[in-house]
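Each value in this text was obtained by applying a stated rule to the coordinates, not by laboratory testing. Not measured: the values here are computed from a predicted model. Cβ atoms come from the backbone with ideal geometry, glycine included; neighbour counts cover every protein chain shown.
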Amino acid sequence: MRNEFFVMILATFMAGPAAGGVWAQEPGKPTLAISPAMKEALVASKSGDWKRAAALWAKVTAQELDNAGGWANRGTAQLQNKDAKGAIVSLEKAVVLRPELSEAWVSLGMAHYEEKAPMRAVSCLTRAVHEAPKNARTRNALAIMLKKVGWGGAAETELQKALDLDPGYSEAHFNLAVLYLERRPAMTEMARRHYEAARALGAARDSMLEDQLAEKPLTDDESHDPTAEIDRPQSPPKKQPDQKP
């Protein structure tokens, strides 16, 4: 199976009315005007030119110190440029200004994971789910991190919740298939159903996972390891009533 057996999509959430108005305006308030620098930064982010985007978002935040969306997008661009430390600084400023920005918490979690702080990453992603409990992608991101720290059961729960919210979410189907195959004993049929659902929804084929699904599951007799009994202390046989000492 693939080394990164969960589909790992880095959070690349855009900001501003041009991308849905998530971060450029306060809830319940009229849409704010977007500066020329911000428009240019949004274009660079949408095109995937992350080096340029990071520089442009730096200009935006220098001009607008309280622009939470600017800090969040700057952090995301920095993260895409492999600058996790810089991303943490920017994203922490974003969530201080706007704690409800769940996407910023997701990116902050990813940045902490890159900096070898997995438990901080889990904490940030848990906060992201708290801020957006009905967002299936956020729950999938939390499941990825939970799996990485060894909490497979909790990851499975988050993936099931993600699919309750969005039954057509192919990545959650794929990730759940992986988890079911990792169980001991593996839940092969459940894994097959979720993998087939992921494929039907457009997920790429995974030949290694398919090989695992094609393997014949072991029977109870075949899965029993006779060597497990070798070192086990044996109780002395009970004496029968007619035996002499």
Ranked on Cβ counts within 10 Å of their own Cβ, fewest leading, Val122, Val106, Val95 go Val122, Val95, Val106
Highest mean first, how do 167-179, 72-84 rank when packing is the count of other Cβ atoms within 10 Å averaged over residues?
72-84, 167-179
Among Lys93/Lys147; Lys51/Lys93; Lys59/Lys148; Lys59/Lys82; Lys59/Lys161; Lys51/Lys134, which pairs are too far apart, with a Cα-Cα distance over 30 Å?
Lys59/Lys148; Lys59/Lys161; Lys51/Lys134
Taking 35 Å as R0, compute the FRET efficiency from the Cβ-Cβ separation of Met119 and Asp66 and round it to 0.05.
0.70
Residues other than Arg192 with Cβ under 12 Å of its Cβ, Lys/Arg counted +1 and Asp/Glu -1, net out at -2
For the range 152-213, just the Cα set please: Rg and Dmax, both in angstrom.
10.7, 30
Can you give the relative contact order of the range 38-132 as a percent, counting alpha carbon pairs under 8 Å and 6+ residues apart?
20
Quote to one decimal, in nm, the extra length available between Ser47 and Glu100 on full extension: 0.36 nm per residue of separation minus the C-alpha distance between them.
16.5 nm
With +1 on the Cβ of every Lys and Arg and -1 on the Cβ of every Asp and Glu, and nothing else charged, how large is the dipole of the range 38-132 about its Cα centre, in debye rounded to the nearest 20?
240
May I ask you to sort Ile144, Ile34 by Cβ crowding, counting other Cβ atoms within 10 Å and putting the fewest first?
Ile34, Ile144
Assuming R0 = 30 Å, what is the FRET efficiency of Trp151 and Asn81, from their Cβ-Cβ distance, to the nearest 0.05?
0.50
